[in-house]
Amino acid sequence: MRRLFLLTGIALPLALRAQGDYVDTDRGRPWRIEDATPLERFALDLQLTPVRLERLGAGTQRWGIEPSLAYGIAALTQLEVGMPLVTQPPRGGAGFSGAGVDLSLLHALTIEREHWPAIALAASAWLPAGAAGPSNTTGSVGARITRSFSGPVRVHLNYDYTVGAPAAKDLGTIDRWSAGVGLDHALPLRSLLVGVETFAAQPYAGGDLAYTSSIGVRAQLAPRWSVALGAGRRWRGVEPATFVTMGGAFSFGLRALAPSTAASPRLPVDQMYLPASHNWQFRERYPSADRLFNAFDYGHAILYETLWDAPGAPVSALEQRIFGYLVDTLLVSPPSLPMPEQTIAPHYSQLAPEAKAMFDWAHLLHRQVYDILADERLTPVERDAQIADALRYYKSRRDLAFSSLPKSMNLMEGQPYSLAFRTRYPRFNGLIWSYHWLQMGLYEPLVAGRSAAERQEGVAATVARFREFLRDPPNAFPSVMPMTPAVAPSFAARYPELSIIFDNLHSMHDVVSDILANPAVPRDRKRAEILRAGAAYRDDVTDVVTEEDWRSMATAMGISAQGGRAPSGRRP
């Protein structure tokens with residue numbers, strides 16, 4: 001049928017997005033079933049050399065390729081254009097013909113919530129072009145539904161119906177309707193997605209339904225590169241066939257397509273990081289430190305999922321079993337790539353996607369600032385200008401951005417639910433504070449180091465200090481929440497707004513842990529309390545203190561109690 005003529009590969013948005021990545025399946029790459037999550041706003045996804053080989057019932061082979069480009073044109077909206085090329089039997093692999101132009105639009109109506117799946121509408125048009133293309137334009141409309149479960153496992157339902165009047169010669173290549181179901185399972189520590197699907201299609205020309213089943217895998221090789229491989233069988237229909245698909249994708253952004261004045265969307269949606277030449281510099285120059293961030297993301301996600309999904313679990317589940325895995329295994333050999341949080345914490349992600357999006361957006365800013373400071377090609381003046389641009393871009397998402405005004409400790413320690421997590425789970429709480437110490441501490445040598453060598457030595461010393469924390473838990477852990485003016489004073493002096501944002505971010509991490517851990521907050525009130533806290537950390541009014549008070553508070557809490565000042569890397 002029509003879609004079986006089109007070449008498939010894999011679509012993988014950049015790992016630095018707010019929830020998506022290799023787990024967001026795209027039509028035909030390698031499965032026909034797609035999920036209800038569009039590409040993140042302002043992102044571009046280029047499908048490179050996707051190849052499909054079909055062996056028809058008579059033994060004839062048919063090849064196809066379909067390079068395509070997708071763009072996150074608006075919030076929860078993806079536009080894609082493909083240029084399929086196919087061979088026509090009996091020529092086999094000799095001579096490709098144009099198979100039209102394929103335009104498609106995917107718009108999500110909802111994101112996943114605790115009691116509601118993600119739902120999206122799809123529309124496509126097949127335009128005349130090339131010898132194998134249609135004689136006139138035809139289109140289709142459809143729906144996509146996605147639901148996530150523990151495992152993590154997702155179920156996808158797709159339906160499409162053709163609109164328009166196909167020409168007589170095209171009736172055998174177009175479906176009147178198609179419907180299918182797909183099931184996929186993510187292996188986040190391996191950046192791998194495996195899946196199966198089955199669907200039925202009614203040929204426009206009539207006759208028996210065509211039934212197709214397939215399996216496939218998608219793997220992320222690097223933040224911007226991915227590959228896919230799939231195989232399947234069309235059991236019934238006009239042309240029973242066996243097929244394999246393979247391909248790769250490159251994801252990127254253009255600065256001109258990422259305006260810093262874009263309006264905030266109605267729902268918490270993914271958005272492309274700010275494209276720049278410094279992107280990925282920290283990963284390239286400090287790979288061992290960069291990999292630790294991936295382990296931290298896993299630690300935060302598994303914490304929230306456990307607190308929400310298993311409120312009656314014994315304390316040992318976090319304090320011993322999960323803590324031991326993180327300290328003895330994951331932090332010893334951290335993953336090389338970031339992991340989408342929904343692959344680790346699907347139920348927490350459904351509970352409070354707004355809070356999760358706030359954290360993701362701030363973590364993206366964290367990584368952009370590391371990249372800018374790690375880029376040895378930039379002068380100090382250029383670094384300051386690039387950081388100012390990144391900060392403006394971050395603050396453009398008013399629905400997600402933490403306030404750049406400091407907040408009092410009352411938000412974290414003066415609420416009815418406060419202190420519950422650290423009281424019940426002291427070792428895990430200390431581990432989280434150790435994460436935050438390193439995240440802030442790494443800025444100190446990047447700012448204070450006077451040369452590339454000093455910065456390298458300072459980052460290595462900071463990572464070594466963090467690993468010292470892990471050798472004697474909880475005694476060596478910070479005993480109070482680390483604050484930037486105490487841990488990274490040079491960075492806090494040079495970039496106070498960023499420092500305040502990150503301190504507010506880390507404070508809210510503690511608040512969410514307390515809300516989830518405190519049984520005094522009823523289960524049906526936890527989402528509301530998390531959203532209330534998020535609003536307080538975003539506004540510029542609630543519990544605001546002066547910058548002077550913020551610095552004084554950091555000093556009064558005791559620098560040694562916060563883990564101590566991070567090494568600057570400066571040689572005598």
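Annotations
- With respect to the stated conditions, Ala36 fails to be assigned to a loop (DSSP other than H, G, I, E, B), free of Cβ contacts under 8 Å to residues at least 60 places away in the same chain and of a type outside the set (Asp, Glu).
- Matching residues, the range 329-383, being part of a loop (DSSP other than H, G, I, E, B) and over 30 Å from Arg532 (Cβ atoms): Leu331, Val332, Ser333, Pro334, Pro335, Ser336, Leu337, Asp375, Glu376, Arg377, Leu378, Thr379
- Within the range 164-199, tally of residues that are among the small types (Gly, Ala, Ser) and not in a strand (DSSP E or B): 6
- Boolean, Arg450 is outside any helix (DSSP H, G or I), assigned by TED's automatic domain parsing to the domain that holds Ile302 and either free of Cβ contacts under 8 Å to residues at least 24 places away in the same chain or more than 11 Å from Gly563 (Cβ to Cβ) (or both): yes
- In the range 373-429, the residues that are over 19 Å from Gln271 (Cα atoms) and β-branched (Val, Ile, Thr): Thr379, Val381, Thr423
- Among the residues of the range 401-429, the ones that are crowded, with 23+ Cβ neighbours inside 10 Å and either in contact with a Lys or Arg (Cβ under 8 Å, 6 or more places away or on another chain) or assigned to a helix (DSSP H, G or I) (or both) come to 4 in all.
- Residues located in the range 100-124, provided they are in contact with a Leu (Cβ under 6 Å, 6 or more places away or on another chain) and more than 30 Å from Pro353 (Cα to Cα): Gly100, Val101
- Residue within the range 280-291 that is of a type in the set (A, V, I, L, M), under 30 Å from Val332 (Cα atoms) and in contact with a helix residue (DSSP H, G or I) (Cβ under 8 Å, 6 or more places away or on another chain) present: yes
- When we screen Pro473, Pro489 for residues that are surrounded by fewer than 20 Cβ atoms within 10 Å (Cβ to Cβ) and out of contact with any Asp or Glu (no Cβ under 6 Å at 6 or more places or on another chain), the only hit is Pro473.
- The range 505-515, residues that are farther than 13 Å from Gln415 by Cβ and of a type in the set (A, V, I, L, M, F, W, C): Leu505
- Index of the failed condition, Ala231 passing every other in (1) part of a loop (DSSP other than H, G, I, E, B); (2) over 16 Å from Arg176 (Cβ atoms): (1)
- Boolean, Thr423 is over 23 Å from Phe491 (Cα atoms), more than 23 Å from the chain's Cα centre (by Cα) and of a type in the set (Val, Ile, Thr): yes
- Filtered residues of the range 137-158 (kept if assigned to a strand (DSSP E or B), under 30 Å from Ser191 (Cβ atoms) and not aliphatic (A, V, I, L, M)): Gly142, Arg144, Thr146, Arg147, Ser148, Phe149, Arg154, His156, Asn158
- Close pairs (6 angstrom Cβ cut-off, 6 or more residues apart or separate chains): assigned by TED's automatic domain parsing to the domain that holds Ile500 in the range 363-374, assigned to a helix (DSSP H, G or I) and among the small types (Gly, Ala, Ser) anywhere: Gln368/Ala390
- Matching residues in the range 25-67 - criterion: being at pLDDT below 90, among the hydroxyl-bearing types (Ser, Thr, Tyr) and either on the phi > 0 side of the Ramachandran plot or crowded, with 24+ Cβ neighbours inside 10 Å (or both): Thr25, Thr49
- Residues of the range 21-74 satisfying the condition of being under 15 Å from the mean Cα position of the chain (by Cα) and of a type outside the set (D, E, K, R): Tyr22, Val23, Thr25, Ala36, Thr37, Pro38, Leu39, Phe42, Ala43, Leu44, Gly72
- Qualifying position, being at pLDDT below 95, over 21 Å from Arg424 (Cβ atoms) and assigned by TED's automatic domain parsing to the domain that holds Tyr435, among Arg471, Arg494, Arg465: Arg471
- Residue in the range 458-466 that is surrounded by 21 or more Cβ atoms within 10 Å (Cβ to Cβ) and within 20 Å of Ala556 (Cβ to Cβ) present: no
- Unmet requirement for Asp371, which otherwise passes all of (1) under 30 Å from Arg450 (Cβ atoms); (2) surrounded by fewer than 17 Cβ atoms within 10 Å (Cβ to Cβ); (3) charged (D, E, K, R): (2)
- The single condition among (1) at pLDDT 95 or above; (2) among the polar types (S, T, N, Q); (3) not in a helix (DSSP H, G or I) that Ser552 does not satisfy is (3).
- Options Glu457, Glu444, Glu413; residue that is over 30 Å from Leu303 (Cα atoms) and either of a type in the set (Asp, Glu) or in contact with a Phe, Trp or Tyr (Cβ under 7 Å, 6 or more places away or on another chain) (or both): Glu457
- Which listed residue is farther than 22 Å from Tyr348 by Cα, out of contact with any Phe, Trp or Tyr (no Cβ under 7 Å at 6 or more places or on another chain) and loosely packed, with under 14 Cβ neighbours inside 10 Å, from Val196, Val163: Val163
The values are calculated or read from the model by the stated rules, or taken from the named source; none is laboratory data. This one's a predicted model, so the numbers in the text were calculated from it and none came from an experiment. Note: ideal-geometry Cβ built from the backbone for every residue, glycine included; neighbour counts use all protein chains shown.
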